[in-house]
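Peer 1: Here it is, the structure in full.
The values are calculated or read from the model by the stated rules, or taken from the named source; none is laboratory data. This structure is a prediction, so every number in the text was calculated from the model and none was measured. Cβ coordinates were reconstructed from backbone atoms using ideal geometry, including for glycine residues, and neighbour counts include every protein chain displayed.
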Amino acid sequence: MKEKGTQLLCTFARKNKFMEIIDEIKNTYEISFGRIFVLENLDNDRELILTYNIDKEKVFGETMKNTISIHRKKQTNTLYTINALNEVVSLLNDGKMDANYEVDWEKFRNMLLVTDENGLKKIHTKVFKIIDPTTTLQDNSNYPELEK
């Protein structure tokens, strides 16, 4: 039996596929709290980062491509994976893991922290739009900046 509750997910999307990805999210998950946050990736102007909470009990298929589970530090609007958090602690604590180490989250304000083959990756973000998943989005015409 699956654990009850919600899970914060993050889907990476090309700007020109924005509408298709929103539809796919809506068809795959039941969105909790009625919002999909669309973040600009300030380090890659062709990519958007979509974050949303899902009801873990109501997934209508496989996990979507380019989607990861993340956590959020509300006070600094920092999003992170557990692997990235472990990497941060190790980097800031002389290479040592310490479950009690207190991270200065201000250093990571408005960032998504993930890891790749090179270690910690910091992606600077900015809220672009908040979408109500119960509404229908027809096309990108309301978002000309997404036509790139």
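Peer 1: Residue by residue through the range 57-92, note down the ones that are under 20 Å from residue 115 (Cβ atoms) and assigned to a helix (DSSP H, G or I).
Peer 2: 76, 82, 83, 84, 85, 86, 87, 88, 89, 90, 91, 92
Peer 1: Which one is surrounded by the most Cβ atoms within 10 Å (Cβ to Cβ), of the residues in the range 6-33 that are touching an Asp or Glu at 6+ places or on another chain (Cβ under 8 Å) and farther than 17 Å from residue 68 by Cα?
Peer 2: The extreme case among them is 15.
Peer 1: To continue, here is another question. Filter the range 67-77 down to residues that are surrounded by 15 or more Cβ atoms within 10 Å (Cβ to Cβ) and more than 10 Å from the chain's Cα centre (by Cα) and give me whichever is farthest from residue 30 (Cα to Cα).
Peer 2: 76
Peer 1: What number of residues within the range 34-48 satisfy the criterion of being surrounded by fewer than 14 Cβ atoms within 10 Å (Cβ to Cβ) and not in a strand (DSSP E or B)?
Peer 2: 4
So that you can scan it fast, the table gives a plain yes or no per residue for (1) touching a helix residue (DSSP H, G or I) at 6+ places or on another chain (Cβ under 7 Å); (2) in contact (Cβ under 8 Å) with a residue 24 or more places away in the chain; (3) of a type in the set (Ser, Thr, Tyr):
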site	(1), (2), (3)
43	no, yes, no
67	no, yes, yes
77	no, yes, no
82	no, no, no
89	no, no, no
92	no, no, no
95	no, no, no
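Peer 1: Can residue 148 be described as modelled with pLDDT under 95 and more than 18 Å from the chain's Cα centre (by Cα)?
Peer 2: Yes: the conditions hold for residue 148.
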